[in-house]
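These notes are about the structure you will find just below.
Nothing in this text is a laboratory measurement; each read-out follows from the coordinates by a stated rule. All of these numbers come straight from a predicted model, not from anything done at the bench. As a convention, Cβ positions derive from the backbone with ideal geometry for all residues, glycine included, and neighbour counts pool all protein chains shown.
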Amino acid sequence: MISLEGRKVVVTGATSGIGLALVRSLHAAKSLILALGRTAEKTGALSGALPGIATFAADVREPDFAKRLLAAAIEQIGGCDVLVNNAGIVWAGPAERATSEKIAELVSINIESPFKVAHEAVAHFKKQGSGHLINVSSIVGLKPRIYSGIYSGTKQALEALSESLRQELARTQVQISCIEPGMTLTELHRGFKEHPMKAMQVTTPLTPQDIADAIVFTMTRPAHVTIANLVILPKDQKT
Ligand SMILES: NC(=O)c1ccc[n+]([C@@H]2O[C@H](COP(=O)([O-])OP(=O)(O)OC[C@H]3O[C@@H](n4cnc5c(N)ncnc54)[C@H](OP(=O)(O)O)[C@@H]3O)[C@@H](O)[C@H]2O)c1
């Protein structure tokens, strides 16, 4: 098992839900963390709660965001050993209700930004001779669900990138993993008309900590082991 202490970890979407639970775990394990949040107000609250943590405030859609994120990691925590590509949004509903703006927003935040971050991270890892990219996808990245075609499509794109990169880098010291959570109680579903537990008929959803634990497991395997994919579901989630 690889120790987390002193490991330089960059986490996007660190101010809420899964990202926040992960950053708390990494902080407790004495990792060097660069946490990305959308606004300085949110990252300020995070550094107040977790002393010693480095933060970076930006919208992932900003031009050159990915390049600036890696530069901030080098400047603030001395590099990047692990990058958790976690920031994302969801939308669900009948197809005719999706506006072209909403489709563009999902594609931009869930595909374009994590793809750019992945490519910057891989370039950095190849140069330093090691590193671990962990993409946070979704169970619907493997198995689409009704009313979730756009969101599923964005996560399937992330699955495709992850698997292609894993094959490309299989003979190097660069690790590529993709995590597929099921229904997890976070802020992600705040715009939903129907509670996600009801929509997905789940009685006991996952907690953000359940997924943070799975990500920590993924990033602490020995060098000869790759967790290529990790599906984590509430016990009673069927779809
Ligand atoms: N919750 C689930 O059931 C579930 C299931 C499968 C997969 N996932 C995936 O898990 C990841 C984390 O989601 P979560 O459930 O933890 O949701 P969350 O609580 O809403 O957290 C999402 C994080 O991403 C950030 N973010 C979103 N858009 C951003 C932007 N344009 N610029 C900068 N930051 C942005 C959010 O910042 P703000 O707080 O500022 O918006 C927040 O920190 C997502 O990729 C999601 O698709 C979640």
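In table form, for the structure just shown:
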{"quantity": "Potential extension, GLU187-ALA160 segment - 0.36 nm per residue separation minus Cα distance", "calculated": "7.1 nm"}
{"quantity": "Dipole moment magnitude, nearest 20 debye, region 8-232 about Cα centre, only Lys, Arg, Asp, Glu C-beta charged", "calculated": "220"}
{"quantity": "Those lysines that a straight Cα-Cα span of less than 23 Å connects to LYS193, excepting residues fewer than 8 apart in one chain", "calculated": "LYS102, LYS143, LYS155, LYS238"}
{"quantity": "Region 148-189 versus region 49-95: alpha-carbon centroid distance in Å", "calculated": "16"}
{"quantity": "Most mobile listed residue (ILE211, ILE109, ILE146) in the chain, GNM with C-alpha springs under 10 Å", "calculated": "ILE146"}
{"quantity": "Normalised contact order of the chain, rounded percent, pairs of Cα under 8 Å and 6 or more residues apart", "calculated": "20"}
{"quantity": "Two-decimal Rg to Rh for the chain - Kirkwood Rh, Cα set", "calculated": "0.94"}
{"quantity": "Among GLU194, GLU168, GLU96: highest mean-square fluctuation, GNM of the chain, C-alpha pairs under 10 Å", "calculated": "GLU96"}
{"quantity": "GNM result for the chain, Cα springs below 10 Å: residue of LEU36, LEU165, LEU133 fluctuating most strongly", "calculated": "LEU165"}
{"quantity": "Helix-only mean residue ellipticity at 222 nm for the chain, each DSSP H run of n ≥ 4 adding -39500 (n - 2.57), per residue, nearest 500", "calculated": "-12500 deg cm²/dmol"}
{"quantity": "Average Cα contact separation per residue, region 156-239, under 8 Å, 6 or more apart, as relative contact order %", "calculated": "40"}
{"quantity": "Using alpha carbons only: equivalent-ellipsoid semi-axes of region 162-239, gyration tensor based, whole Å", "calculated": "30, 13, 10"}
{"quantity": "Given charges at Cβ of Lys, Arg, Asp, Glu: region 8-232 dipole, positive-most of LEU36, THR207, LEU158", "calculated": "THR207"}
